[in-house]
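The next block holds one structure in the form of structure tokens; read it before the comments.
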Amino acid sequence: MSFIDTIVQGVLLGGLYALFAAGLSLVFGIMRLVNLAHGDLIVLAAFLILLLTSALGLNPFFAAFIAAPLMFVAGCALQYLVLNRTLGKDVLPPLLVTFGISTVLQNGLLETFSADSRRVSIGALESASIGLGPLNIGLMPLMTFLSALAVIFGLNQLIYRTALGRAFRATSDDIVTAELMGIRPQRIFAIATGLAMVVVTIAALYLGTRANFDPTSGPSRLIYAFEAVIIGGLGSLWGTLAGGVILGVAQTLGAAVNPEWQILAGHLAFLAVLVIKPRGLFPRAVD
């Protein structure tokens, strides 16, 4: 039973990692952009939610509801004004620019909020749990996993069943042909980044309510997001969810053996998948 509980907790933890990775996977799948500032944007959204809850006394979920459109606008502006200028055949400019954005965000948050560790209080939900037979499942981890399922399902429906999704896929497949059909790639890329920032806000809500965070927490979240995306396969949203679950289960199994092995076990699982399937379990991106 202890083993089953460890697996269940790992699956639920994987939901959080899938939320970290979903926005990164969406942006890469559409414009082949590797955003090194992704983790810092999650932390930025977490601080925005913290600011709304502490300054205005809002419930964290309502604060996230307000923060999401603000992050959407910020994402669109970032893509329009900065990132669109870096896109091209050379992958180095986007990497350098997003690394610079990461550095600016970390230092800006340090100046604004100091290096103190913070957490968003959510009251009784922090310790609430539900019983499933002999297992007790935390309500917040369960909500995190269900939110990850909803986000992945929603993004897939958007991409494969809407006109905007067809524009996403057309631009991703052949940007020149998409332009000939009247699609404006710069606008499509901005909307994609805006949607990724909405997902980032959802991830930030659960990051802030489930764990401590500080201005330098972004890079570690970026690593988890990268590993989940690569394990699942570049460009595959459902693969991203599977990658997050594999990473979460590996970490909880490692922690069950020795608490010091938790992070290492996740990295070893990542390397094992790369050795067996270098393109990930469910690759969608094409060369």
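Odds and ends about this structure:
- Residues being touching a strand residue (DSSP E or B) at 6+ places or on another chain (Cβ under 9 Å) and among the charged types (D, E, K, R) - total across the range 114-125: 2
Residue by residue, here is whether (1) under 20 Å from Met143 (Cα atoms); (2) of a type in the set (Ser, Thr, Tyr); (3) in contact with a Cys (Cβ under 7 Å, 6 or more places away or on another chain); (4) not in a helix (DSSP H, G or I) holds:
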position	(1), (2), (3), (4)
Leu207	yes, no, no, no
Leu222	no, no, no, no
Ala228	yes, no, no, no
Ile231	no, no, no, no
Thr240	yes, yes, no, no
Ile246	yes, no, no, no
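- Verdict on Leu205 being more than 20 Å from Leu36 (Cβ to Cβ), of a type in the set (A, V, I, L, M, F, W, C) and modelled with pLDDT of 95 or more: yes
- Among the residues of the range 86-95, some residue qualifies, meaning at least one is open to solvent by less than 50 Å² (accessible area, probe 1.4 Å) and free of Cβ contacts under 8 Å to residues at least 60 places away in the same chain.
- Cβ-Cβ under 7 Å pairs, at least 6 apart or on other chains, the range 154-175 side without any contact (Cβ under 8 Å) to a residue 60 or more places away in the chain and farther than 12 Å from Arg32 by Cα, far side assigned to a loop (DSSP other than H, G, I, E, B) and of a type in the set (Val, Ile, Thr): Ala167/Ile183; Ala170/Ile183
- Residue list for the range 256-284, restricted to those being assigned to a helix (DSSP H, G or I), in contact with a helix residue (DSSP H, G or I) (Cβ under 6 Å, 6 or more places away or on another chain) and in contact (Cβ under 8 Å) with a residue 12 or more places away in the chain: Ala256, Ala265, Gly266, Ala269, Phe270, Val273
- Considering Ser172, Ser220, the condition of being within 13 Å of the chain's Cα centre (by Cα) and open to solvent by 20 Å² or more (accessible area, probe 1.4 Å) is satisfied by Ser220 alone.
- Hits in the range 127-145 - residues which are at pLDDT below 90 and either in a loop (DSSP other than H, G, I, E, B) or under 21 Å from Ser217 (Cα atoms) (or both): Ser127, Ala128, Gly133, Pro134
- Applying the set (1) within 27 Å of Met140 (Cα to Cα); (2) assigned to a helix (DSSP H, G or I); (3) open to solvent by 10 Å² or more (accessible area, probe 1.4 Å) to Ala115 leaves exactly one unmet item: (2).
- All positions within the range 133-157 that are open to solvent by 30 Å² or more (accessible area, probe 1.4 Å) and in contact with a Phe, Trp or Tyr (Cβ under 8 Å, 6 or more places away or on another chain): Met143
- Taking the criterion of being over 22 Å from Ala64 (Cα atoms) and in contact with a helix residue (DSSP H, G or I) (Cβ under 7 Å, 6 or more places away or on another chain), the only residue of the range 103-129 that qualifies is Ser129.
- Residue-level check: of (1) within 29 Å of Phe28 (Cα to Cα); (2) not in a helix (DSSP H, G or I); (3) not hydrophobic (A, V, I, L, M, F, W, C), Ser102 misses just (2).
- Residue match in the range 146-157 (condition: at pLDDT below 90 and in a helix (DSSP H, G or I)): no
- Test: residue in the range 3-24 that is acidic (Asp, Glu), over 30 Å from Gly133 (Cα atoms), over 13 Å from the mean Cα position of the chain (by Cα) and open to solvent by 20 Å² or more (accessible area, probe 1.4 Å): no
- Of the residues screened, Ala196 is one that is within 20 Å of Ala225 (Cβ to Cβ), surrounded by 15 or more Cβ atoms within 10 Å (Cβ to Cβ) and either at pLDDT 90 or above or out of contact with any Ser or Thr (no Cβ under 6 Å at 6 or more places or on another chain) (or both).
- The residues listed here are Ala269, Ala190; of these, the one that is farther than 29 Å from Gly100 by Cβ and surrounded by 16 or more Cβ atoms within 10 Å (Cβ to Cβ) is Ala269.
The values are calculated or read from the model by the stated rules, or taken from the named source; none is laboratory data. Predicted model, so just to flag it, every value in this text is computed and none were measured. Neighbour counts run over all protein chains shown; Cβ positions are idealised from the backbone, glycine included. Just so you know, the surface numbers come from the protein's heavy atoms only, side chains and all, with ligands and any DNA or RNA stripped out. Shrake-Rupley method; radii C 1.70, N 1.55, O 1.52, S 1.80 Å.
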